[in-house]
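Notes to accompany the following structure.
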Amino acid sequence: MEPDTRTGHPPHPIHYKKNCRLSSRILFKTTLFIIIFILSFHLPDFIPGANSRRQTIQEILSVLERHQTDLASVMKEELAEVIYEEAIRYNHDPKFIMALIYAESDFFNWAVSQKGAKGLMQIMPYVAESIAKELGIEWAGDRTLFNPHLNIRMGIYYLSQLILDFNDLRVALTAYNYGPTHVKGLIERKERIPIQYYRKILKIYQNI
């Protein structure tokens, strides 16, 4: 009777070949992981989006440096990044946000309007306090409003909420300037909504 070759353990060389193949795969994956890990520190230099981000932030900074912000150079650099990041967070063109800041405060951090709006994006204190609560920002009155980073965060958030409320950029900008209560009253009374402020922002946007 012929021996049953289907039973028992296979010869050791087969085990050896399988182990070699397994070891080779593990080594390949480990090497690939190490290469990707190392490249990850340098990869942004080759990503168009990263280059675009740096270029846009630099453009924002160059605009800030041309105006009397009354902020230190380091603060301007940080502010340029905040403007970019917050604009992108809410799907705004950073250049559009810059146009709005210019119209509101001419980039002067300590600006105060006749009605009491304060900071770069000219936010009324009672509005800012409510926004700060929604964003989880500690409210400390003028200290919060004149913090350029926080003022930008609150201002862009406020504008974004107005755009959601009115579903129209022109109307939202008018509400930012005149106040949402006033604009809602115009809408309820079916009166014409002024668009001069929108045109002003658009003109600045095209030339900034």
Along Cα→Cβ, 7 Å out, is where each label goes; now give me the distance between the ones at residue 167 and residue 59 in nm to one decimal. 3.2
If packing is taken as the average number of other Cβ atoms within 10 Å across a peptide's residues, how do 78-90, 53-65 rank, most packed first? 78-90, 53-65
Sorting 141, 107, 198 by the position of each Cα along the dipole of region 47-207 (Lys, Arg +1; Asp, Glu -1; all at Cβ), the one nearest the positive end of that ordering is 198
Residue 106 paired with residue 66, simple spin-label distance in nm, labels 7 Å along Cα-to-beta-carbon: 1.6
If R₀ is 45 angstrom, what is the calculated FRET efficiency for the pair residue 78 and residue 191, using the beta carbon separation as r and rounding to 0.05? 0.60
Only counting other Cβ atoms within 10 Å, I'd like 164, 71 sorted with the fewest neighbours first. 164, 71
Let me know the charge dipole size of region 47-207 about its Cα centre in debye, to the nearest 20, where only the beta-carbon of Lys, Arg (+1) and Asp, Glu (-1) is charged. 580
Would you mind pulling out the separation of the Cα centroids of region 131-208 and region 52-90, in Å? 20
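Coordinate-derived values only; no laboratory data. Given the structure is predicted, the values throughout are model-derived calculations rather than measurements. Counting neighbours? That spans all protein chains shown, and the Cβs are built from the backbone with ideal geometry, glycine included.
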